Amino acid sequence: MKKIPSFLFILLLYLILKILFTTNLLNPYLQQIILYVGIIIIWTLGLNLIYGFSGQFSLGQAGFYGIGAYLGAILTKLFPHSLAIIPLSLFASFFGTGLIAFLIGIPVLRLRSDYLAIATLGFGIIVKVLFDNADAILPQFGGSRGMLGIPKYTNLEITYLFLIAVIFLMRNLINSKYGRALLALKNDEITADVMGINTFWYKTFAFALGSSFAGIAGWLYAHLYTFLHPSNFEFLKSIDCLLIVILGGMGSITGTILAAIIWIFLIEGLRVILPASLVEWRFIIYPLLLIIMMIKRPQGILGKR
């Protein structure tokens, strides 16, 4: 069977979604869930770049997601009547989050394995405490009460554009010489060092870029739900992100996309199906799913494809 060209598939998928959105064949709740799936894919692909492709065990992805969300939201909230603030706030979320990750990465990426995980976990807890008390710096942050009044700018076009951009950037990066250096780093850091690869530079680069993806996902999240609360970015959210990457298959872009879609529709589907008294029990499903996957298919849904 002849393979459909990528650009044609992307265009057809967009047109199908556009028709479903504009003709109200999907109700507003389902439209919001589809946009949320796109956001989660961007977020988890960022961690896949850091952990799945370069082997850096990070538990700080929720913190970077929150930094991107708060950076973008505070700008659009302070300047709600300026259209120029949309690209500026996107720029701030992407590059601001990446810069913070770069600065954090310089000391912590000298650590390896579990030590790096603990250091990034500590960073995530610090970020959550900062969000809780951010109203002491600027009242508009809302602190532990949450930030209200964020304009709703996230729509199908913006989400789809960034989703496709992140997927293409990831795919081209992994297939380039830089991607091969990241894979060498993941497989054996000492050997990669001996081969002349600047492992520290590549680790910092992957960490900053993967965190920037989380920053963009945070911006989209903030301007989809128009409300932010520090509990949305607590360190346990990093575990959710990690589970999606493991379920999809570390080092697999397609697997991460598929796992994120299954994850969101499973959680939201159970929310609708289960009675109100049992709705919180749905969070037992995915740890069980993870245990089964680790026993039956430890390489993830699609392995490395």
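Observations on the model:
- The HN-Hα couplings worked out from phi for the stretch 75-90 by the Karplus form 6.51 cos²θ - 1.76 cosθ + 1.60 (θ = phi - 60°) are 5, 6, 6, 6, 10, x, 9, 10, 5, 5, 6, 5, x, 5, 6, 5 Hz, whole numbers, x standing for Gly and Pro.
- For the chain, the number of Lys pairs separated by eight or more positions or lying on different chains, with C-alpha atoms closer than 28 Å, is 26.
- Computed from the alpha carbon positions, the gyration tensor of the stretch 119-229 leads to an equivalent ellipsoid with semi-axes of 35, 21, 8 Å, biggest first.
- Between L59 and T120, L121, the built amide H atoms are under 5 Å apart, and every one of these is 5 or more places off in sequence or on another chain.
- Residue-by-residue Karplus 3J(HN,Hα) for the stretch 10-16, coefficients 6.51, -1.76, 1.60, Hz, glycine and proline x: 4, 5, 5, 5, 5, 5, 4
- Reduced Cα scattering model of the chain, Debye log10 I(q)/I(0), q = 0.12 Å⁻¹: -0.82
- Centroid-to-centroid separation of the stretch 140-184 and the stretch 1-59 [C-alpha atoms, Å]: 11 Å
- Packing-based order for 36-45, 221-230, 163-172, using average beta carbon neighbours within 10 Å, highest first: 36-45, 221-230, 163-172
- Only helices enter this figure: runs of n ≥ 4 DSSP H residues, each worth -39500 (n - 2.57), summed and divided by the residues of the chain, yield -22500 deg cm²/dmol at 222 nm to the nearest 500.
Bear in mind these aren't lab numbers, they're just calculated from the coordinates by the rules spelled out. Since the structure is predicted, the reported quantities are computational estimates derived from the model, not experimental observations. Neighbour counts run over all protein chains shown; Cβ positions are idealised from the backbone, glycine included.
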